Structure formats: C-alpha cells, structure tokens
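Enquirer: There's a structure below that I have some questions on.
No value in this document is a laboratory result; all are computed from the given coordinates. Computed from a predicted model, the values in this text were never measured in an experiment. With ideal geometry, Cβ positions are generated from the backbone for all residues, glycine too; neighbour counts draw on all protein chains shown.
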Number of protein chains: 2
Amino acid sequence: MRIGLDAMGTDRAPVEEVCGALECRPFLDAGDKIVLVGDEAAIRKHLDQADGWREFIEVRPTTQHIRMGDAPVEAVRTMLDSSIVVMAQMHRDGLVDACVSAGNTGACVAAAQMYLRRLRGVHRPGIAVLTPTFHGPVTICDVGANVNCRPQHLHQYGVMASIYARTVTGVQSPRVGLLSVGEEDAKGNDLVKRTRELLRDDPNVNFIGNVEGRDLFRGACEVVVCDGFVGNVVLKLIEGMGASVIRGVLAELTAANPAHALEIKQAARTIVTKYDFNEYGGAPLLGVGGICIICHGASDHRGIMNALRVAKDLVKRQVNQQIVQQLSAGAEGANA
Amino acid sequence: MRIGLDAMGTDRAPVEEVCGALECRPFLDAGDKIVLVGDEAAIRKHLDQADGWREFIEVRPTTQHIRMGDAPVEAVRTMLDSSIVVMAQMHRDGLVDACVSAGNTGACVAAAQMYLRRLRGVHRPGIAVLTPTFHGPVTICDVGANVNCRPQHLHQYGVMASIYARTVTGVQSPRVGLLSVGEEDAKGNDLVKRTRELLRDDPNVNFIGNVEGRDLFRGACEVVVCDGFVGNVVLKLIEGMGASVIRGVLAELTAANPAHALEIKQAARTIVTKYDFNEYGGAPLLGVGGICIICHGASDHRGIMNALRVAKDLVKRQVNQQIVQQLSAGAEGANA
C-alpha cells in the first residue's frame, strides 16, 4: 500500500510531517510506502537526519504551495504543481491508495472532488470528525465540506459516517442522531424535518431521532448528522470551548489553592493529552473516489502519524466499497 | 410598573416563582407590582408563608397549564385560560408592562407573536441569550425563535441584540460578529453571505465581520448573530459541554489527588455559581410589542428574580423604543 502525505500542510511544515511519517514504521507492512509530497530540499533536510527511511518513505518533489488563506477552488485550478493537487492526481492515477493533508481544507476538498470524483451513488462528499467526549468518541458529519445541504446529502452522511465510525471505533451498530433544536419529531428547520424520514426509513442506519447540542456530551449516540455549516460551527465551538473551560477551571482551582498550582498543572497536561485531537488522526472526506484524510493545521507529528494509520486502515477495511454497496442497497430498497 | 410572572413554568413550579418574586422587593420602586399568574391555591400555599407580600405581589388565577411537551401553537390557540396565554393578553391590554415565563419556550413565543404582534419595522422576533464566558458575557441572537431565517432577519438580530447588550452589560458599542465557518468574506452558506452586506452597511451596528465557533470563547465580540437553528444548537452545546468538561476535569483532578477531593469539590461549586445561567436572568424575545423574558425550565428562585430585575430594566430603559427608532433610521438610510 502507498499513502501520499502532503508535506506542506501543518503550521510547522514539513517538520511535523517528516517526523510523523518516520513514526509510522511500526504499523507499516512490508512494501508499504509513504510518499512525502512537497518541497524536496526542505523535506530532505529533516529526513536525512534519520536512518533507514528509504525503505518506507519516498519523496515526490513539487514547487508550489497552497496556503491557508488562498481561495480553494482558484488555487486548485491554477497551482497545478502544488502538493495538494499533485497528490490528488497521484491518487487518481493509482500511484497512491490514500492521501493525507493538514493544509487548506477547502483546497483538499476541491482537489479531491476535481480529480477523484464522487463514489457511485454519492450526492455530495462530507467530512467526518471523531470528537473526544467523556462518554467516548462521537463522529460528526459533515463539518464543512457542504454548507448548503439537501435532505439526501444528510441521509448519506448518516450512512457513510456509520460505516466510518464502525471501522475506526469498533462499535457494530453506531446510533445515529440528527442534530436539531428539540427531540420531538416536529422540531427543526425545513432541512431537518425532511431528512428525518429518509434516515428513519433506511434499515442500514441505526437512527435514534433528533438529538440536541447537549446530547453530544451525554453519550446519546455515536454519530451526529448535520449540514456542513452547523457542523463546522459546532466543531470549532467544541475546540474553543474545551480549551477555554479547562483553562478557566484550572485558574479557579489554582486561585483557591495556590499551594497546589504545580500538581494542578500536571493534571491539566494529562487531560489535554487525553482529549487531544491529535490522537484521532484527522478527518476523512467521505464519498469521494479515494481515501482522503484532512488534518488540523495545528497537528503535530502524532496527529500526522495517526492520520496515516487511519488512512491505511480505511483502505484495508474497504470503507469505500462498503459505502457504495450500502448506498446501492438503499437505492434498490427505495425503488422496490 | 407591573410585571407579569408565569407561576407554572419552572420544573419546581410554583415554588421557585413565588420565592423569586418575594426576593424582588429590594429593587422594586414604590407602587411596582409583580403579578403571579397561575394556579391560585398552589401559589397561595407558598405565598402565605411570607409576610407583607400584598404590598408588591398580586395573584391572577388561571385554570389551565401548558406543559413542556405540548405543541406550542396548538396549545396557545386552545388553552385560553393557561398562564402563558392569560399573561400575554394582560400585556396586550396594558395590565402589565412586561412578562416573564420559564414555561414552554415555543408557547411563549407563539403567545407573544399572537397577542403582542411585532414592533414596527421588525420582520421576525428573535431570542437573545447572554452566555457567560471567561472573557465576559456574549449575547447570542437568535437561539430558537426563528429556525428558517432570511438575511433581513439576521440583520435585525444584530441591531436588536446590540441594543439589548448595551442595556444590560453597559458596553457602549458592542462588537457584532456573524457566526460562520471562516473569517474570510467568502466563507459561509448563502444566508450568511447575503447577511454580511446588510450588517456591514448599517452604521448603527459595530460589525466586525464573520466569527467562528471558537471565537465565542476568545472575547472576539460581545454579540453573535446567527439563525435560530444554529443558535439553539450552539446554546445547548455550550450548556451540555460546560457541565461535561467541568465534571471531567474535576474527576481527573480528584483521581490524581484523592486527598484533595473536598477542596476540589468546593472550587467546583464556586465555578458553577460563577457561570450559572441563573445569574443572567432569562432571555428576552426581542422584536415583539412588549417585554417578554423567557427563562430556562431549570431556573431557580435566583434565576426568576434576576429575570424580573432585567424585565424592569428593559422597560425602564425603553429598549423597544430604541429598537423601533434604530430600525426606522436604518430604513430611511437605505431609502436615501
């Protein structure tokens, strides 16, 4: 298996990418390769400090670099020798089986849609994110690929995210909740009301009905379906609020017991590690004709390593074949 | 001034309502009355235990009770002797100057729209909630009155929530952010993109552009504008996550230092009090022809007391007159 890795994506590129790739060795099988795509000189500067990397790492040089602030579609159309575009082309041409990037999310989505197309039967791809909670991980889909959704899109996010959650968390029949403003059937905006029936009528989805914002942290379900606008707001809120509340609580505790400042700080470190997004290895863009994992720009080497591990897993477990099968079974059921 | 209080709303009605009303005495002016609306026998049972309540409390008996699970519009149409409907009628007839309820939110919104109509120039009323953060309170509008919004609605939420935030927090020119999926102008769904121009072109709004979920906890702005679906998801997420993260952090700390369990528990109590929604006194439904404050069903007597205090303040500071003036000034500006 060959996995492409955009070496130019993280805030500290290519250091975190090179280190993350090097750390993959233990879980790679014989013949597996990671292909680092990007500025060759910068990559080699870090790579050459390690021993034995040639056995499982290759470098594919590129000369252009799509940055976080660049307009995604425009960048993907014009910067044809950028790491993101080259990697998508390599995936299309079968030179890699999966790709991982911590770069401009919009550009990753645009490149994947342009070069890999959609899986058969998929209306619109969606990004699924595993969020750590005290009740275990919850998968939210979509978190930003598709900000103007239709009911069919949300239904398919339920199908695809269930398959993904089962693959990475081992929960056999993940409970799927539709994010809304109340548990009752009648609650929600037009989009949610029209999506409910589709999810309810699909025997392949373990649909539990509407869930509310607070249910995400109550262990109510393993998969939350929402449109990409709402999902992105929710994801960033969780990120910002988690950091803020933890900081605030620790400040209060330290103020109350200055003598314990040091041990509170240590406990804080444990918590932050435990609920660190880097442990979850990026978010797949589900529904495209390939395996594309998008990582947080602030990912460190562990985040990159975990994303590569998940990418390998999704290829091996044939997640895309499962998606196509399930969607076509659903379509036949609907026609029957 | 006379303020109506639905005595049947909280989870522990009418105890919290009666206690909350009794606690208002210190901030009432001579002649001010609180009118408790609901089951007279139940109210009097608690009221009669107190002394001197007749000077500032009246009871308006009703026989029906809209419950949390009732379908709002249907309930308001048929239960004409319910506390929520009677209170709205009293407000319409000038028998009270404001009303407060911790009951069924949808029914409060429906009753207010039916009996109080909209303020001149207002397209759709919106609920504004003050959320505690470590950087100070942030007002989010709308959080659930209007789940299918148009750009004009969001624009007016920016205007109305600014006036409300100024009135209750004292910030002279609150910064207004539009909740979206990225800071750049081009980011967002169709609704957000079309709302941006309206907010930017209104000289009465201190518009700072798009904000993301994480900015709510960074002190980026004092007012966040969003549609009622997104706002409701966000509000409930904040509520659920705040409780969950605080509990989780304290559990980790206690596990790390069992000897300090007691003082950690005490610190937790301080934190919970400090960021308790009861301190903020309910959420006004902005844009209707009256002052309507909606409280959390889990409100305690302090929550009710604070809501009555805020209601008095909004009447006194002529918030509705300010809204009408500002919206008509904006409309004239647009026509000029």
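Enquirer: What value does the protein assembly as shown have for Rg/Rh, both radii from Cα atoms and Rh as Kirkwood defines it?
Expert: Details: Rg = 27.2 Å, Rh = 26.8 Å.
Radius of gyration relative to Kirkwood radius: 1.02.
Enquirer: Also, I was wondering about something else. Considering only the label points, 7 Å along Cα→Cβ from Cα, what distances in nm to one decimal separate A:THR63 from the same position in each other copy, shortest first?
Expert: Result for A:THR63, in nm, nearest copy first: 8.8.
Enquirer: Check which residues have an amide H placed less than 5 Å from B:ILE66's amide H, if you skip close sequence neighbours.
Expert: B:SER83, B:ILE84
Enquirer: Where nothing but the Cβ of Lys and Arg (+1) and of Asp and Glu (-1) is charged, how large is the charge dipole of the range B:153-266 around its Cα centre, in debye to the nearest 20? Write out the running numbers ahead of the final one.
Expert: On the way: 12 positive and 14 negative charges, 41 e Å.
Its charge dipole is roughly 200 debye.
Enquirer: For the pair B:PHE27 and B:GLU55, how long in nm is the line joining their label points, each one 7 Å along Cα→Cβ?
Expert: According to this spin-label approximation, the distance is 1.9 nm.
Enquirer: Using Cα pairs under 8 angstrom and six or more residues apart, how large is the relative contact order of the range B:127-276, in percent? Kindly include the intermediate steps, with their values, before the conclusion.
Expert: Values: 231 pairs, mean separation 44.8, N = 150.
About 30 percent, as a whole number.
Enquirer: Okay, moving on. Long-range amide H contacts for B:LYS33: which residues qualify at under 5 Å (H placed 1.01 Å from N, peptide plane, sequence gap of 5 or more or a different chain)?
Expert: B:ARG2, B:ILE3
Enquirer: Would you mind listing how long the range A:1-43 runs along its three principal axes, going by Cα atoms, in whole Å with the largest first?
Expert: 29, 15, 15
Enquirer: Could I ask something else about it? How many Cβ atoms of partner chains, on average, are near each residue of A:222-232 if near means within 10 Å of its Cβ? Before the final figure, lay out each step's value.
Expert: Values: counts 0, 0, 0, 0, 3, 3, 2, 13, 9, 2, 8.
For this peptide, the per-residue mean of nearby foreign Cβ atoms is 4.
Enquirer: Under the definition of partner shielding as Cβ atoms of other protein chains within 10 Å of a residue Cβ, what is the mean value for peptide A:249-256?
Expert: Working: counts 13, 3, 2, 8, 11, 1, 2, 7.
Taking all residues of A:249-256 together, the mean is 6.
Enquirer: Of all alpha-carbon pairs in the range A:133-194, indicate the percentage at a distance above 18 angstrom. Present the calculation step by step, with values, prior to reporting the outcome.
Expert: Details: 800 of 1891 pairs.
In whole percent, the share of Cα-Cα pairs in the range A:133-194 beyond 18 Å is 42.
Enquirer: Mind checking which helices in chain B clear 27 Å along their axis (Cα) and have mean Kyte-Doolittle hydropathy of 0.5 or more, DSSP H runs only?
Expert: Values: long enough: B:228-256 (41 Å, 1.20).
Counting only whole DSSP H runs, the qualifying helices are B:228-256.
Enquirer: Starting at 0 and stepping by 5 Å, how many percent of the alpha carbon pairs of the range B:73-145 end up in each bin?
Expert: P(r) over the range B:73-145, rounded to whole percents: 3, 15, 22, 22, 18, 10, 6, 3, 1.
Enquirer: Once the label point is placed 7 Å from Cα along Cβ, list for B:ASP190 the distances to the corresponding points in the other copies, in nm, shortest first.
Expert: Those label-point separations list as 0.9 nm.
Enquirer: Using R₀ = 35 Å, calculate the FRET efficiency as 1/(1 + (r/R₀)^6) where r is the Cβ-Cβ separation of A:ALA261 and B:ARG247; round to 0.05.
Expert: 0.95
Enquirer: Here's a follow-up. Across the residues of B:174-182, average count of Cβ atoms on other protein chains within 10 Å? Show your work: numbers first, answer last.
Expert: Working: counts 0, 0, 0, 0, 0, 4, 4, 13, 7.
Taking the mean over all residues of the peptide, I get 3.
Enquirer: Where Rh denotes the Kirkwood radius from the mean inverse Cα pair distance, what is Rg over Rh for chain B?
Expert: Answer for chain B: 0.99.
Enquirer: If r is the Cβ-Cβ distance from B:GLN325 to B:ALA42 and R0 is 56 Å, what FRET efficiency results, to the nearest 0.05? Can you show the working numbers first?
Expert: On the way: r = 42 Å, r/R0 = 0.75.
The computed FRET efficiency comes out at 0.85.
Enquirer: Moving on to the next point. Quick one: dipole size for the protein assembly as shown, taken about the Cα centre, charges +1 on Lys/Arg Cβ and -1 on Asp/Glu Cβ, in debye to the nearest 20. Provide the component values of the computation, followed by the final result.
Expert: Working: 70 positive and 76 negative charges, 87 e Å.
Roughly 420 debye for the protein assembly as shown.
Enquirer: What list of ³J(HN,Hα) couplings, whole Hz, do you get for the range A:52-60 from phi and the Karplus terms 6.51, -1.76, 1.60, once you set θ to phi - 60° and write x for glycine and proline?
Expert: x, 5, 4, 5, 9, 10, 10, 10, 10
Enquirer: Go through A:171-178, A:9-16 and give me the packing order, highest mean Cβ count within 10 Å leading. Walk me through the numbers on the way to the answer.
Expert: Numbers: A:171-178: 19.1, A:9-16: 22.0.
Listed from highest to lowest mean packing, they are A:9-16, A:171-178.
Enquirer: Over what distance in Å are the Cα centres of the range A:65-114 and the range A:180-247 separated?
Expert: Result: 30 Å between the Cα centres.
Enquirer: Further question: Remind me, relative contact order of chain A in percent, using alpha carbon pairs under 8 angstrom and six or more residues apart?
Expert: Details: 662 pairs, mean separation 75.4, N = 336.
Contact order relative to length: 22 percent.
Enquirer: Long-range amide H contacts for A:THR131: which residues qualify at under 5 Å (H placed 1.01 Å from N, peptide plane, sequence gap of 5 or more or a different chain)?
Expert: For A:THR131, the qualifying residues are A:VAL138, A:THR139, A:ILE140.
Enquirer: If one puts a single equal scatterer on every Cα of the range B:242-332 and applies the Debye formula without solvent, what log₁₀ I(q)/I(0) results at q = 0.16, 0.24 Å⁻¹?
Expert: -0.76, -1.11
Enquirer: Another question, if that's okay. Which distances, shortest first and in nm, link B:ASP48 to the matching position in the other copies, using label points set 7 Å out along Cα to C-beta?
Expert: With the label placed 7 Å along Cα→Cβ, B:ASP48 yields 9.4 nm.
Enquirer: Further question on the same structure: Starting from one equal scatterer on each C-alpha and no solvent at all, send me the Debye-based log10 I(q)/I(0) for the range A:126-276 at q = 0.13, 0.19 Å⁻¹, two decimals.
Expert: -0.61, -1.06
Enquirer: Right, here's the next one. Over the Cα atoms of the range B:1-85, compute the convex hull volume and normalise it per residue, giving Å³.
Expert: On the way: hull volume 7.7 nm³, N = 85.
That works out to 90 Å³ per residue.
Enquirer: Could I ask something else about it? Using the structure shown, list the pairs from B:LYS45/B:LYS312; A:LYS45/A:LYS312; A:LYS265/B:LYS236; B:LYS236/B:LYS265 with a Cα-Cα distance above 31 Å, or answer none. The partial results should precede the final answer.
Expert: Details: B:LYS45/B:LYS312 26 Å; A:LYS45/A:LYS312 26 Å; A:LYS265/B:LYS236 29 Å; B:LYS236/B:LYS265 25 Å.
Too far apart for the 31 Å limit: no listed pair.
Enquirer: How do A:298-306, B:319-327 rank on mean C-beta neighbours within 10 Å, highest first? Intermediate values should be presented prior to the final figure.
Expert: Values: A:298-306: 22.2, B:319-327: 18.3.
Ranked from most to least packed, the peptides come out as A:298-306, B:319-327.
Enquirer: Which ³J(HN,Hα) values, rounded to whole Hz and listed in residue order, are derived for the range B:283-297 from phi using the Karplus coefficients 6.51, -1.76 and 1.60 in 6.51 cos²θ - 1.76 cosθ + 1.60 with θ = phi - 60°, glycine and proline given as x?
Expert: Result, rounded to whole Hz: 10, x, 8, 7, x, 8, x, x, 10, 10, 10, 10, 9, 4, x.
Enquirer: For the range A:175-189, take each phi angle, set θ = phi - 60°, evaluate the Karplus expression 6.51 cos²θ - 1.76 cosθ + 1.60, and give the result in whole Hz per residue in order, putting x for glycine and proline.
Expert: Once θ is set to phi - 60°, the couplings for the range A:175-189 become 6, 10, x, 9, 5, 8, 9, x, 6, 5, 3, 6, 7, x, 8 Hz.
Enquirer: Per residue Cα convex hull volume for the range A:13-138, in cubic angstrom?
Expert: Values: hull volume 19.6 nm³, N = 126.
Measuring per residue, one finds 156 Å³ for the Cα hull of the range A:13-138.
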